[in-house]
Amino acid sequence: MNSGWRGRWIGWRNHWLSSPRFQRFAARFPLTRPIARRRARTLFDLVAGFTYSQILAACIETGLLEMLAEGPQDTATIAARIDLPLAGAERLLRGATALGLVERLGDGWALGGDGAALRGNRGIAEMVAHHRLLYADLADPVALLRRGGGGGALSGLWHYAEDSGRGDAASVADYSALMAASQPMVAAQAIDAYSFHRHRRLLDVGGGEGAFLQAVGERVPALALGLFDLPAVGDRARVRFDSAGLSTRTQIYGGDFLRNPLPPGYDIISLIRVLHDHDDASAMALLRQINRALSPGGTLFLAEPMAETRGAEPAGDAYFGFYLLAMGSGRPRSAKEIAAMLRAAGFSHIRHRRTAMPITTCVITAKSKCPNKLTI
Ligand SMILES: CC(C)=CCC/C(C)=C/CC/C(C)=C/C=C/C(C)=C/C=C/C=C(C)/C=C/C=C(C)/C=C/C=C(C)/C=C/CC(C)(C)O
Ligand SMILES: C[S@@+](CC[C@H](N)C(=O)[O-])C[C@H]1O[C@@H](n2cnc3c(N)ncnc32)[C@H](O)[C@@H]1O
């Protein structure tokens, strides 16, 4: 491979960075010392990341963060309430303190700043708890890569969508509930990034149990709402809409978006955390379906975490890359890749919209260019 000047620069840089003598020098020399320490810290965090995650998992599973949110407490009270021996509670409290989740206060403990921020993001506790499945699959990452993903604990959570029967009430329950629990952090970003007021009828494709539609519906009372998902998931949405008093504004369609046509008559279709679940061929088929279903000049509103998002690179290709590998289908795509797919599916006016927290949610909108002319 002809790597050019950049390849030569990388070779030269890496020669020095991997040299123990250069590392010793850089750690001692006053001008390079802060950089060397920062790099060592970053690498240490990378090596130790699983341990940190498991300390967080223990904080969530024992209810420690929720308990400290009531107010500061002493070690003996905490140990009794979270049902750990005194030494175990102390070990957990010290570990969580080192991670900023807990804070020492006199001879007791208070909720730490990061612990408070995590509590403020509904759905993270459920995400952390279900990582038990992901980490079981990632115990042997090379084996997972060799077999092309899937076939493990995480894929069991969502495999209903790949079954020929497309799931019954029991098999869709856990995954749908997890998606609904984590939807607020996505919906908040997505809804702030775009004005839905200019539309009349919104169809949420792969809308799960309706948490996103409910959030938009509350923000824009005049909008008529439609939800398309597999029948057993749609049934769960019906229960949510009934109890939220939204059923008169809402139409639920049970079906398979790769096999059944989407209902016509909507001037905006949303696709929230759906495209990245699918391999390229299915993802293209779905985009073409949406283009056909939209009324002329209608809008596609697409929101999901995206690869190569500046400042959030590890969330895309590292976290979601391996998460979707364990799930057994799909991949995170960059905004550029999604834009190219949208163009190929017949969309125009493709716009990347700013969100406040791109690490969890990026948004792209596009307009249907030539409805009814494309085939699936
Ligand atoms: C007031 C004082 C004292 C100081 C001011 C200083 C200051 C400004 C501090 C800032 C404090 C602050 C407001 C912090 C905010 C922190 C936030 C917003 C943290 C958010 C964290 C979000 C996290 C960790 C999100 C994690 C999300 C995950 C892991 C999502 C996973 C999603 C999955 C697996 C989705 C699956 C869908 C599928 C299946 C792939 O389709
Ligand atoms: C990752 S979830 C996202 C749910 C929701 N949009 C959210 O963000 O919380 C993907 C959704 O797509 C649905 N889905 C997957 N394959 C489908 C198919 N072939 N036809 C219809 N819905 C499907 C799933 O049932 C699930 O509700």
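The values are calculated or read from the model by the stated rules, or taken from the named source; none is laboratory data. Small disclaimer: the values here were computed from a predicted structure and weren't measured. Methodologically, a virtual Cβ is constructed for each residue, glycine included, from the backbone with ideal geometry; neighbour enumeration extends over all protein chains shown.
For residues that are among the polar types (S, T, N, Q), buried (at least 18 other Cβ atoms within 10 Å of the Cβ) and at pLDDT 95 or above, tally how many sit in the stretch 330-361.
Result for the stretch 330-361: 2.
For the stretch 136-160: of the residues being buried (at least 20 other Cβ atoms within 10 Å of the Cβ) and within 12 Å of ligand 2 (Cβ to nearest atom), which is farthest from residue 305 (Cα to Cα)?
The selected residue is 160.
Any residue that is without any contact (Cβ under 8 Å) to a residue 12 or more places away in the chain and among the charged types (D, E, K, R) - is there at least one of those in the stretch 196-207? Let's see the steps before the verdict.
Going through the stretch 196-207, the residues without any contact (Cβ under 8 Å) to a residue 12 or more places away in the chain turn out to be 198.
Of the ones still in play, those that are also among the charged types (D, E, K, R) are 198.
Within the stretch 196-207, one or more residues are without any contact (Cβ under 8 Å) to a residue 12 or more places away in the chain and among the charged types (D, E, K, R).
Go through 114, 107, 74, 83 for me and flag whichever is outside the structural domain of residue 138 (by TED's automatic domain parsing) and under 30 Å from residue 187 (Cα atoms).
Working: 107 fails: under 30 Å from residue 187 (Cα atoms); 74 fails: under 30 Å from residue 187 (Cα atoms); 83 fails: under 30 Å from residue 187 (Cα atoms).
The match here is 114.
Against the condition part of a loop (DSSP other than H, G, I, E, B) and under 26 Å from the mean Cα position of the chain (by Cα), how does residue 301 come out, does it pass?
Here the answer is no, as residue 301 does not meet what is asked.
Got a sec? Which helices (runs of 4 or more DSSP H) wholly within the stretch 129-213 have at least 3 residues that are farther than 19 Å from residue 321 by Cα? Can you show your working first?
On the way: elements: 141-146, 153-158, 169-192.
Fully inside the stretch 129-213 and qualifying: 169-192.
Of the residues 182, 176, 155, which single one is within 14 Å of ligand 1 (Cβ to nearest atom), assigned by TED's automatic domain parsing to the domain that holds residue 282, among the small types (Gly, Ala, Ser) and in contact with a strand residue (DSSP E or B) (Cβ under 9 Å, 6 or more places away or on another chain)? Step through it out loud before you land on a result.
Values: 182 fails: in contact with a strand residue (DSSP E or B) (Cβ under 9 Å, 6 or more places away or on another chain); 155 fails: in contact with a strand residue (DSSP E or B) (Cβ under 9 Å, 6 or more places away or on another chain).
Sole residue among the options that is within 14 Å of ligand 1 (Cβ to nearest atom), assigned by TED's automatic domain parsing to the domain that holds residue 282, among the small types (Gly, Ala, Ser) and in contact with a strand residue (DSSP E or B) (Cβ under 9 Å, 6 or more places away or on another chain): 176.
Can you find, within the stretch 99-128, the residue that is nearest to ligand 2 (Cβ to nearest atom) among those that are part of a loop (DSSP other than H, G, I, E, B) and more than 16 Å from residue 58 (Cα to Cα)?
Of the residues in the stretch 99-128, the ones part of a loop (DSSP other than H, G, I, E, B) are 99-101, 106-107, 112, 120-123.
If we keep only those that are more than 16 Å from residue 58 (Cα to Cα) as well, we get 106-107, 120-123.
Details: 106: 42, 107: 44, 120: 19, 121: 15, 122: 13, 123: 10 Å.
Checked the stretch 99-128; the qualifying residue nearest to ligand 2 (Cβ to nearest atom) is 123.
Quickly run through the stretch 257-279 and pick out the residues that are away from ligand 1 (no atom under 16 Å from the Cβ) and either at pLDDT below 95 or not in a strand (DSSP E or B) (or both). Steps first, please.
Applying the first criterion (away from ligand 1 (no atom under 16 Å from the Cβ)) to the stretch 257-279 yields 259-269.
259, 260, 261, 262, 263, 264, 265, 266, 267, listed by residue number.
Tell me whether the stretch 307-321 contains one or more residues that are away from ligand 1 (no atom under 16 Å from the Cβ) and either in contact (Cβ under 8 Å) with a residue 60 or more places away in the chain or β-branched (Val, Ile, Thr) (or both). Walk me through it before giving the result.
Of all residues in the stretch 307-321, those away from ligand 1 (no atom under 16 Å from the Cβ) come to 308, 310.
Next cut, either in contact (Cβ under 8 Å) with a residue 60 or more places away in the chain or β-branched (Val, Ile, Thr) (or both) only: none.
No.
Among (1) of a type in the set (A, V, I, L, M); (2) closer than 27 Å to residue 138 by Cβ; (3) in contact with a helix residue (DSSP H, G or I) (Cβ under 6 Å, 6 or more places away or on another chain), there is one condition residue 78 misses while meeting the rest; what is its number?
Going through (1) of a type in the set (A, V, I, L, M); (2) closer than 27 Å to residue 138 by Cβ; (3) in contact with a helix residue (DSSP H, G or I) (Cβ under 6 Å, 6 or more places away or on another chain) one by one, residue 78 breaks only (2).
Counting only residues that are buried (at least 19 other Cβ atoms within 10 Å of the Cβ) and not in a loop (DSSP other than H, G, I, E, B), which one in the stretch 214-231 is nearest to ligand 2 (Cβ to nearest atom)?
229
Would a scan of the stretch 9-18 turn up a residue that is over 28 Å from the mean Cα position of the chain (by Cα), assigned to a helix (DSSP H, G or I) and surrounded by fewer than 10 Cβ atoms within 10 Å (Cβ to Cβ)?
Our first condition is that a residue be over 28 Å from the mean Cα position of the chain (by Cα); within the stretch 9-18, this holds for 9-18.
Remaining after also requiring assigned to a helix (DSSP H, G or I): 9-17.
Checking the rest, the ones that are also surrounded by fewer than 10 Cβ atoms within 10 Å (Cβ to Cβ) come to none.
Within the stretch 9-18, none of the residues are over 28 Å from the mean Cα position of the chain (by Cα), assigned to a helix (DSSP H, G or I) and surrounded by fewer than 10 Cβ atoms within 10 Å (Cβ to Cβ).
Here is a check on your reading of the model: is residue 294 away from ligand 2 (no atom under 16 Å from the Cβ), touching a Pro at 6+ places or on another chain (Cβ under 6 Å) and more than 22 Å from residue 135 (Cβ to Cβ)?
Working: away from ligand 2 (no atom under 16 Å from the Cβ): yes; touching a Pro at 6+ places or on another chain (Cβ under 6 Å): yes; more than 22 Å from residue 135 (Cβ to Cβ): yes.
In short, yes.
Need pairs with beta-carbon distance below 7 Å; first residue more than 13 Å from residue 328 (Cα to Cα) and within the stretch 126-146, second buried (at least 18 other Cβ atoms within 10 Å of the Cβ) and hydroxyl-bearing (Ser, Thr, Tyr); sequence gap 6+ or separate chains.
Between residues of the stretch 126-146 that are more than 13 Å from residue 328 (Cα to Cα) and residues that are buried (at least 18 other Cβ atoms within 10 Å of the Cβ) and hydroxyl-bearing (Ser, Thr, Tyr), the close pairs are 126/182; 127/182.
To keep it simple, each residue is scored yes or no on (1) buried (at least 16 other Cβ atoms within 10 Å of the Cβ); (2) within 23 Å of residue 94 (Cβ to Cβ); (3) of a type outside the set (Phe, Trp, Tyr).
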site	(1), (2), (3)
30	no, no, yes
34	no, no, yes
38	no, no, yes
46	no, yes, yes
50	no, yes, no
55	yes, yes, yes
59	yes, yes, yes
63	no, yes, yes
67	yes, yes, yes
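When you go through 208, 234 one by one, which is the residue that is within 12 Å of ligand 2 (Cβ to nearest atom), surrounded by fewer than 22 Cβ atoms within 10 Å (Cβ to Cβ) and in the same structural domain as residue 330 (by TED's automatic domain parsing)? Lay out the reasoning, then the answer.
Numbers: 208 fails: surrounded by fewer than 22 Cβ atoms within 10 Å (Cβ to Cβ).
Exactly one of 208, 234 is within 12 Å of ligand 2 (Cβ to nearest atom), surrounded by fewer than 22 Cβ atoms within 10 Å (Cβ to Cβ) and in the same structural domain as residue 330 (by TED's automatic domain parsing), namely 234.
Residue 124 - would you say it is under 23 Å from residue 179 (Cα atoms) and not hydroxyl-bearing (Ser, Thr, Tyr)? Give the derivation first.
Working: under 23 Å from residue 179 (Cα atoms): yes; not hydroxyl-bearing (Ser, Thr, Tyr): yes.
Judged against the criteria, residue 124 is a match.
Considering only the stretch 314-329, how many residues are of a type in the set (Gly, Ala, Ser), part of a helix (DSSP H, G or I) and surrounded by 15 or more Cβ atoms within 10 Å (Cβ to Cβ)?
So in the stretch 314-329, the residues of a type in the set (Gly, Ala, Ser) come out as 315-316, 318, 321, 326, 328-329.
Now narrow it down to the ones that are part of a helix (DSSP H, G or I): 315-316, 318, 321, 326.
Filter again for surrounded by 15 or more Cβ atoms within 10 Å (Cβ to Cβ), leaving 315-316, 321, 326.
Residues in the stretch 314-329 being of a type in the set (Gly, Ala, Ser), part of a helix (DSSP H, G or I) and surrounded by 15 or more Cβ atoms within 10 Å (Cβ to Cβ): 4 in total.
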